[in-house]
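Chemist: Just dropping this structure here.
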Amino acid sequence: MLRSDVVRAPTEYGAVLLHTDDGRYWTLNRSGDLVLRVLLDGGDVAAAVRELCTTVEVDPQVARHDVEGLLAQLADVGLIEPESETRWSPEVEAGWPRDGAGRPEARR
């Protein structure tokens, strides 16, 4: 997910991302680095949201917004390769298939 010309260096406060081609760098706080590590380890947005919610007291909707915002910022400055990411939803969080099979029916 990180571009090949970007290096991540952990710090006691989170991490630093260095773009080796132009020498610019960005800092991530602990939460931002946690999200990035989940994604680098093969997790998706839903996994990053779950991990963030277990580490920091935050509402899942706020966590989702923050994760997606971080990814958008990292993509905007050219630190990550754009991917088709899975958007967080209650269905994804619950592990339901994408086609909705097995979803509980709404009661009226």
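Only the coordinates and a few stated rules stand behind these numbers; no lab work does. None of the values given here were measured: they were computed from a predicted structure. Heads up, the Cβs are rebuilt from the backbone with ideal geometry, glycines too, and the neighbour counts pull from every protein chain shown.
Chemist: Each residue of region 39-51 in order: what ³J(HN,Hα) in whole Hz does its phi give by Karplus 6.51 cos²θ - 1.76 cosθ + 1.60, θ = phi - 60°, with x for Gly and Pro?
Modeler: 5, 5, 7, x, x, 10, 4, 4, 5, 5, 5, 4, 5
Chemist: Let me ask another. Applying the Karplus parametrisation 6.51 cos²θ - 1.76 cosθ + 1.60 with θ = phi - 60° to the phi angles of region 21-27, what ³J(HN,Hα) value in whole Hz is obtained for each residue in order, glycine and proline being reported as x?
Modeler: These are the phi-based 3J(HN,Hα) values: 5, 10, x, 6, 9, 10, 10 Hz.
Chemist: Also: Could the peptides 40-52, 68-80, 7-19 be put in order, highest first, of the mean number of other beta-carbon atoms found within 10 Å of their residues?
Modeler: With the highest mean Cβ count within 10 Å placed first, the list reads 40-52, 68-80, 7-19.
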